[in-house]
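I have placed the structure first, in the form of structure tokens, so that the comments after it can refer back to it.
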Amino acid sequence: MRNSFISHASTATVVFLLLLLSTTCKAHLSSTFYDQNCPNGLSTIRNAIRTAVSRERRMAASLIRLHFHDCFVQGCDASILLEDGERNAVQNKGSARGYEVIDSAKAQVEKICPGVVSCADILAVAARDASVAVGGPSWSVKLGRRDSTTASSSLAEQELPRFTDGLDSLISRFATKGLSARDMVALSGSHTLGQAQCSSFRGRIYNNASDIDVGFASTRKRRCPATTGKPGDSNLAPLDLVTPNSFDNNYFKNLLRKKGLLQSDQILFSGGSTDSIVSEYSRSPATFKSDFASAMIKMGDIGPLTGSAGKIRRICSAIN
């Protein structure tokens, strides 16, 4: 009996300590984290992002995606920026981009506040500023993350969503990160921006399925060959055919018309549990933008390194 009591007490203690640790980690994140030690840091990042997006509107989508792909592997720790790691995962290689923009922002911040602002925080701020630059919502970014010293391509391949994922798989992947199905649909709405390679939607436009508009498929086939290895294999197509460079709710309207480019897009409106959310966002851009901002804040809370964990990398692509 006594041993049973001790075991029960030990378990309770462990649970309490884990909860305390979790609460403590989140408590370290604050929107005012750099107010004293790098007051011009956020404006410096904002200017760097504005410059990059004004040079290439597509970059806004790339920077939002970079933050997303970072947070889903080991947490929001800038591990995706390390060379020879997550960059080489199937879901990132040849498609993840914007590394040079983060490097430039980091270099500018280092000039005014050396060794203070983490690459992980720059990624989080860059995603917010990229959204704003193309007409998307803004949100208060919680700061104070530190940078990882490790990265894993195999872990990235296990945990990052794939364009072939079904609805249950997508919901499950997001749930393991503490994100709801509604969060998942809202975050998927970032596909109102950017482009995708032919290899990622070839199967969808050539499978003659009932969940794709015939005219839409025909248009996409013009620049996407039916088999791999042909000229045009890496051609790009906009994820939102209507307004690919503006943050709006046309992505959801497209899904209602069976014009989602990726299978993982159209599956959100295919007779399943997320149909009602897609319909709601298609009717109310304000609701979508509000939910997107909230989901981005929640995503930014995934597994941050704080306190003495990790380090502040001086160069985002290397452990230095």
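The values are calculated or read from the model by the stated rules, or taken from the named source; none is laboratory data. Note that the coordinates shown come from a computational prediction; the quantities given were computed from them, not determined experimentally. Accessible surface areas use protein heavy atoms only, side chains included; no ligands, DNA or RNA. Shrake-Rupley method; radii C 1.70, N 1.55, O 1.52, S 1.80 Å.
For the reader, a short list of remarks on this structure follows.
- In this entry, the chain is assigned a mean projected area of 19.0 nm², taken as a quarter of its C-alpha convex hull surface.
- The chain: most fluctuating residue of Arg46, Arg55, Arg173 per GNM, C-alpha cutoff 10 Å: Arg55
- Note on Val132: accessible area is roughly 70 Å² with a 1.4 Å probe, heavy atoms of protein only.
- Between 0 and 90°, nearest 10: helix 119-133 axis offset from the chain longest Cα axis: 40
- Of Phe269, Phe72, Phe163, the residue with the largest accessible area leads and the full order is Phe163, Phe269, Phe72 (1.4 Å probe).
- Candidate lysines for bridging to Lys230, where Cα separation is under 18 Å - those fewer than 8 sequence places away on the same chain excluded: Lys221
- Principal-axis tilt of helix 2-27 within the chain, Cα atoms, nearest 10 degrees: 70
- What region 198-320 shows is 45 Å² of accessible area per residue, with the surface traced by a 1.4 Å probe over protein heavy atoms.
- Karplus-based coupling profile of region 99-116, in residue order and whole Hz: 4, 5, 5, 5, 4, 5, 4, 4, 4, 5, 5, 4, 5, 9, 9, x, x, 10, with θ = phi - 60° in 6.51 cos²θ - 1.76 cosθ + 1.60 and x standing for Gly or Pro.
- Compactness relative to 2.2 N^0.38 Å, alpha carbon Rg of region 48-194: 1.01
- Accessible area per residue in Å² at 1.4 Å probe, computed on region 64-166: 33
- Where only alpha carbons of region 181-299 are counted, the Rg and the Dmax (Å): 14.3, 43
- Legend: distances between Cα atoms for Lys177/Lys253; Lys142/Lys259; Lys93/Lys258; Lys106/Lys311; Lys253/Lys289; Lys142/Lys177; pairs beyond 25 Å are Lys177/Lys253; Lys142/Lys259; Lys93/Lys258.
- In order along region 247-254, phi translates into HN-Hα couplings of 7, 8, 9, 5, 3, 6, 4, 4 Hz, rounded to whole numbers, per the Karplus curve 6.51 cos²θ - 1.76 cosθ + 1.60 with θ = phi - 60° and x for Gly and Pro.
- Max mean-square fluctuation residue, GNM over the chain, Cα-Cα springs under 10 Å, options Ser62, Ser131, Ser154: Ser154
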